[in-house]
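Written out below as structure tokens is the structure these notes cover.
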Amino acid sequence: MPLKIETLTLNDSVEQYVNKSIVPEAQQICDDVVLLWKEEPSTEDLEIDGLFERIILRHPEWRITQHTLLHTLTKHNLYATDEAELETYCSQVELPNVSEVLKDLGLPKNIELRAAGNGRGRGLFAKHEIQQGELISAESMPLVTIPPIEKLTLMQAGKVCSLCGNSLGHSDHFIMMNGLDCNGCRSVWCNRNCKKRDLTHAALKHVKARNQAISGSGWAKFEKFCMDNVFVAAYSVGIIYASSLVGKDDILKRFAPLAQVSQRLRNRVSDSTNVGGTFDASSGAVGTSDPEPIWERAYELFKEAFPKSAEIDLDKFLIYVGKFNLNQVAGQIYPLYAFINHDCEPNVRYEIDDKLRLKVYARKIIKAGDELFTTYVNPLHGVKLRRRELRVNWGFLCQCNRCNKELSQRTVKMRAAQFSLPSHSFADQSRRRSSMRNARPDLTDLLKNGQEFDLEIPDNVGISHRRRTSVRFDNNVTVAVEE
Ligand SMILES: [Zn+2]
Ligand SMILES: [Zn+2]
Ligand SMILES: [Zn+2]
């Protein structure tokens, strides 16, 4: 029987891709690379050709060259053969004078605030040895309580506490009998403490409030704009500013000494926008390549809410936004805690309870003269992701011992992966896997017991050389068919 050679396409979507091929925008490329890194952290070690291969596999419809990929990623701070080329802004972070408020900071006797050296600005240092587990400092309240913006609609409807956003857990009768409702609007509070602490309530929420410096209707527009654009930082700056106008304490005076940098500078270093992006979501304008119009509109509405804020121009407003983002922890500002610098293997840990009290404890023995270090990022993240988060959100390339150790381990591993390694038996593999599971540390324990830890989970458990190879199907197969 005569045979004919025929080539069949296995992947029937290919034709579709060819027809629908698109030229991706820079933002799409960056977002997808960041997403890939998030899904498979080991791919952050890929050189540009390996990365290109993976991206094309994920998006056969993309018309893109390796050169475009390289150019786009380099331009957006996502790829550099030499990390010194990556953009940072720590040298441009300003450190306003703190001496005026030093006595109001509540610095514990055992702790001093001084220059930290190595470009780290200022830091907190132990004056005497601190024991493991010891309570180092406690801040009974944040600078002001910033209500959770995502609960604004529920707050306005009186469904949750108007200050902390917690569910009420009381009957309407209980709320009325205990005076936890507002005489001027539908707001309610979960307890007396929240009601007492909600200093700006009347001025911001009651349109007829008499404060000349605050317009209730202007604030309503500003608040809605911030909510619609997830511009948490601007909203928080608004709350801080309003509190400084109505409160007895000089709130702005305590906000002033914290480190600051314009949001414009921070945004320049941001690497991607939405999916898997490392830039803080509170920056506002997430998802747009040019946030400037949103910043300008937010500023206009801020001025409408605070008609007498002549001292605040757009630049100052964006410095406040950047300042909030640099210093916030869990969406609040703690004026003392804000002076603790970062290390990926911190010697302190903190707790914030449901009354928003922040307590700092020693994770390990801290010797006299040692600096206190907390962590700004999730210590369970891999070294590349941690450093990217730190660079984008705080402007520095982390050079802590843990980062340096893990980076050099990775280099060794990458080199090893380039040579063919002997394959392990199945038994060997499963033993290694289970021992890894057992060895995987629990973060809570780690942070409490203060032991040294190496959280890096190897990417190449037994099958490194195979895992690093992408599986690639040839779309076409040639077969012999009967004629
Ligand atoms: Zn409350
Ligand atoms: Zn009210
Ligand atoms: Zn580090």
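The values are calculated or read from the model by the stated rules, or taken from the named source; none is laboratory data. Just so we're clear, the structure is a prediction, and the values are computed from it rather than from any experiment. Neighbour counts run over all protein chains shown; Cβ positions are idealised from the backbone, glycine included.
Looking only at the range 81-100, which residues are over 28 Å from the mean Cα position of the chain (by Cα) and not acidic (Asp, Glu)?
Going residue by residue through the range 81-100, those that are over 28 Å from the mean Cα position of the chain (by Cα) are 99-100.
Passing the criteria: only 99.
State which residue pairs qualify: first residue more than 18 Å from residue 81 (Cα to Cα) and inside the range 408-419, second residue among the basic types (Lys, Arg) and at pLDDT below 75 in any location, beta carbons under 6 Å apart, and separation of 6 or more residues or different chains.
Close Cβ pairs satisfying both conditions: 417/468.
Residue-wise test of (1) β-branched (Val, Ile, Thr); (2) in the same structural domain as residue 299 (by TED's automatic domain parsing); (3) within 16 Å of ligand 1 (Cβ to nearest atom).
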| site | (1), (2), (3) |
| --- | --- |
| 197 | no, yes, yes |
| 202 | no, yes, no |
| 205 | no, yes, yes |
| 222 | no, yes, no |
| 226 | no, yes, no |
| 229 | no, yes, no |
| 232 | yes, yes, no |
| 237 | yes, yes, no |
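Failed condition for residue 155, given (1) more than 23 Å from residue 356 (Cα to Cα); (2) part of a helix (DSSP H, G or I); (3) within 16 Å of ligand 2 (Cβ to nearest atom), with all others met?
(1)
Please go through the range 319-353 and give me each residue that is touching a helix residue (DSSP H, G or I) at 6+ places or on another chain (Cβ under 9 Å), of a type in the set (D, E, K, R) and part of a loop (DSSP other than H, G, I, E, B), ordered by number.
343, 345
Take residue 108 and decide whether it is crowded, with 16+ Cβ neighbours inside 10 Å, away from ligand 1 (no atom under 16 Å from the Cβ) and not aliphatic (A, V, I, L, M).
On the way: crowded, with 16+ Cβ neighbours inside 10 Å: yes; away from ligand 1 (no atom under 16 Å from the Cβ): yes; not aliphatic (A, V, I, L, M): yes.
Here the answer is yes, as residue 108 does meet what is asked.
Each row is one residue, and each column tells you yes or no for (1) surrounded by fewer than 16 Cβ atoms within 10 Å (Cβ to Cβ); (2) assigned to a helix (DSSP H, G or I); (3) of a type in the set (D, E, K, R); (4) within 16 Å of ligand 2 (Cβ to nearest atom).
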site	(1), (2), (3), (4)
179	yes, no, no, yes
219	no, yes, no, yes
222	no, yes, no, no
257	no, no, no, no
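Of the residues in the range 11-48, how many are modelled with pLDDT of 85 or more and in a loop (DSSP other than H, G, I, E, B)?
Residues flagged as modelled with pLDDT of 85 or more and in a loop (DSSP other than H, G, I, E, B) within the range 11-48 amount to 7.
Check 383, 377 and return the single one that is under 12 Å from residue 344 (Cα atoms), of a type in the set (Val, Ile, Thr) and surrounded by fewer than 19 Cβ atoms within 10 Å (Cβ to Cβ).
Working: 383 fails: surrounded by fewer than 19 Cβ atoms within 10 Å (Cβ to Cβ).
That would be 377, the only listed residue that is under 12 Å from residue 344 (Cα atoms), of a type in the set (Val, Ile, Thr) and surrounded by fewer than 19 Cβ atoms within 10 Å (Cβ to Cβ).
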